[in-house]
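Peer 1: Got a structure for you, written out below as structure tokens; questions coming shortly.
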Amino acid sequence: MWNIFDLLQYQFMQNAFIAGSIVAIIAAAIGYFVILRGLTFAGHSLGYIGFAGAAGAVLLGIDPVFGLLAFTIGAAIGIGIAGKEVRERDIAIGIITMLGLGLGVLFLALYTGYAEQAYSILFGTIVGISRTDVLVTALASIVVGGILLFIFRPLLFSSLDEEMAEARGVPVRLLSILFLVLVAMVVSISVQIIGVLLIFTLLIGPAATASRLTHRPARAIWLAVILGLFYTWLGIFIAANNNWPVSFCIATLSFGVYLPVRLLSPYWSKRRRVVTNAGSLLKADQQMPVEEAEKV
Amino acid sequence: MVQEPAIELEDVSISLGGRPILRDMHVTIEKGEFVVVLGPNGAGKSTLLKMLLGLLRPNTGTIHVLGRTPRRGNPSIGYAPQHRVLESDVALRARDLVGFGLDGNRWGTGWPGRKRDALIDQALDEVQATSFADAPIGQLSGGEQQRLLIAQALLTNPQLLLLDEPLSNLDIARQQDIVELVNQVCRSRNVAVLLVAHDINPLMPVVDRVLYLANGHSAIGTPAEVITSATLTKLYGTPVEVVRAMDRIFVVGAEV
């Protein structure tokens, strides 16, 4: 059996660990907001759109990460401008994703080394990561992390209620587009690690689990980051020892932790729920409108 | 010193998407006054609040809020938007929501501090929400969430409180709790309150004046002056009958 120190003697393993760790941190942090803002579908779709960008870059003979960034950021701006309402936005996302996947198939068909490249874009190639990739990943993460810290409070505020935030002078429209661009950047660097199809394992998995375990925003983000790092490290380690795909191991860990938390969390959050003096445990939508006829 | 009014609208008209919403509106609301805004859906109640908040501009006329033209991010206005049911798995606590009222608009992450906590605790206490301060907001009842929205609106020490339908979706007992709370805030802080509602009855004991919007027109005065068959018939442009029975007021013949 390989131990961590054996693995880290190899340059490609060092690259895998560094890039994997950076992505795990930034994807988990931004994932908290993706869930809060109801943008999981957008996150997933940006991966697909990135597929076209990566395939295009391969065709042109440049590093796929640049194609990923160009396509996902372009799509993020498009989605942000097109849709204000959730329904409207999801339709815009669907339409843009359709075009993206279509282009991706075309680019792959035009490229001769078809199957191998497609496989690595779809499922990630963490052990094929170069020093340049590590550098791009680190730079993109620093930019995303810095902006995220700067917009933290207004972003959280507008995620809860856009109208209230706007009344207080928060530029909600600008924030919503900027946030999608940040998600696009994180998706682009995550694709190399985990692949287009498994983008949720690092973007949504850790944050979804953390949001179930704590209701404090800062604590949820820290917990998501810790979970993300844990899945990535253990995933690489298990994969290296069994010759399994890394993506499979990380995805299984992410799912394996989420499932029991999801099933058990209603029990402990119910226990914490304080019964107020009014004594009503009903939600607003469950309360019967009393004396419906009595309106001014 | 003559006190400037809390709100002053002169000749205000606004159209949205080509549809006229309000026409030549004239209203003056004094500081510390409790005003209920009534009217059918689409009459411009929320539009009025948005103009006061600086989110919408009137096509003609002038608006002064506390002596100044409306602008976004005015800390002298506390605003609680129309309530929507929050998803139960939103990872935010009651005190996080209230904290947005204090510094949700500022850049950066902010640092937790004793002074910040004290201000938030004080606001939670004022709306009697201390017992569920650390509960996740998605698991609170409609009335509890409404209290938090009001606490959030009070954190900047506003002189004007705009509440958009705080009583909708609440049962009668919970409606009375909120009315009592808003009245207490209005009187003890001398804050002008503009409260949008569909039913005047739970508000009758506390309201100073009623602003009634319908059909692009508006009427303001005490409930006894405004909610009459004659005034509402003129406002709606169709026959409307106001019926008083068992200490309650009913409007018959028009959508409220």
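Values quoted throughout were computed directly from the atomic coordinates according to the rules given, and no laboratory measurement underlies them. Source: prediction; values computed, not measured. Here the Cβ positions follow ideal geometry from the backbone for every residue, glycine too, while neighbour counts run over all protein chains shown.
Peer 1: Can you tell me which residue is farthest from residue B:137 (Cα to Cα) among those in region B:97-112 that are surrounded by 15 or more Cβ atoms within 10 Å (Cβ to Cβ) and more than 7 Å from chain A (Cβ to nearest Cβ)?
Peer 2: Here the answer is B:102.
Peer 1: Is it the case, given these coordinates, that residue A:72 is farther than 25 Å from residue A:38 by Cβ, polar (S, T, N, Q) and either touching a Pro at 6+ places or on another chain (Cβ under 8 Å) or assigned to a helix (DSSP H, G or I) (or both)? Let's see the steps before the verdict.
Peer 2: Details: farther than 25 Å from residue A:38 by Cβ: no; polar (S, T, N, Q): yes; either touching a Pro at 6+ places or on another chain (Cβ under 8 Å) or assigned to a helix (DSSP H, G or I) (or both): yes.
It is false that residue A:72 is farther than 25 Å from residue A:38 by Cβ, polar (S, T, N, Q) and either touching a Pro at 6+ places or on another chain (Cβ under 8 Å) or assigned to a helix (DSSP H, G or I) (or both).
Peer 1: May I pose another question? Consider region B:56-83. How many of its residues are of a type outside the set (Phe, Trp, Tyr) and in contact with a helix residue (DSSP H, G or I) (Cβ under 9 Å, 6 or more places away or on another chain)?
Peer 2: Quick first cut of region B:56-83, residues of a type outside the set (Phe, Trp, Tyr) only: B:56-78, B:80-83.
Still in the running and in contact with a helix residue (DSSP H, G or I) (Cβ under 9 Å, 6 or more places away or on another chain): B:56-58, B:63, B:65, B:70, B:72-74, B:77-78, B:80-83.
Here the count works out to 15.
Peer 1: How many of the residues in region A:156-202 are within 14 Å of another protein chain (Cβ to nearest Cβ) and under 18 Å from residue A:120 (Cβ atoms)?
Peer 2: The total comes to 0.
Peer 1: Out of region B:113-157, which residues are away from every other protein chain (no Cβ under 11 Å), more than 24 Å from residue A:211 (Cα to Cα) and outside any helix (DSSP H, G or I)?
Peer 2: Within region B:113-157, B:127, B:157 meet the criteria.
Peer 1: In addition: If we keep just the residues of region B:177-232 that are part of a helix (DSSP H, G or I) and hydroxyl-bearing (Ser, Thr, Tyr), which is nearest to residue B:22 (Cα to Cα)? Working first, answer last.
Peer 2: Initially, region B:177-232 is screened for residues part of a helix (DSSP H, G or I), giving B:177-189, B:201-203, B:223-226, B:229-232.
Applying the additional criterion that residues be hydroxyl-bearing (Ser, Thr, Tyr) yields B:188, B:229, B:231.
Working: B:188: 33, B:229: 22, B:231: 17 Å.
Of everything passing the filter in region B:177-232, B:231 is nearest to residue B:22 (Cα to Cα).
Peer 1: Still on this model: Condition first: in contact (Cβ under 8 Å) with a residue 40 or more places away in the chain, more than 16 Å from the chain's Cα centre (by Cα) and in a strand (DSSP E or B). Now tell me which residues in region B:47-68 satisfy that.
Peer 2: B:60, B:61, B:62, B:63, B:64
Peer 1: Any residue at all in region A:43-56 that is closer than 30 Å to residue B:109 by Cα, aromatic (Phe, Trp, Tyr) and surrounded by 24 or more Cβ atoms within 10 Å (Cβ to Cβ)?
Peer 2: Checked region A:43-56: no residue is closer than 30 Å to residue B:109 by Cα, aromatic (Phe, Trp, Tyr) and surrounded by 24 or more Cβ atoms within 10 Å (Cβ to Cβ).
Peer 1: For region B:236-252, which positions are of a type in the set (Gly, Ala, Ser) and surrounded by 12 or more Cβ atoms within 10 Å (Cβ to Cβ)?
Peer 2: First, the residues of region B:236-252 that are of a type in the set (Gly, Ala, Ser): B:237, B:245.
Matches in region B:236-252: B:237 only.
Peer 1: Could you say which residue among B:103, B:117, B:96, B:125 is acidic (Asp, Glu) and either more than 27 Å from residue B:196 (Cα to Cα) or touching a Cys at 6+ places or on another chain (Cβ under 9 Å) (or both)?
Peer 2: Checking each option against the conditions leaves just B:117.
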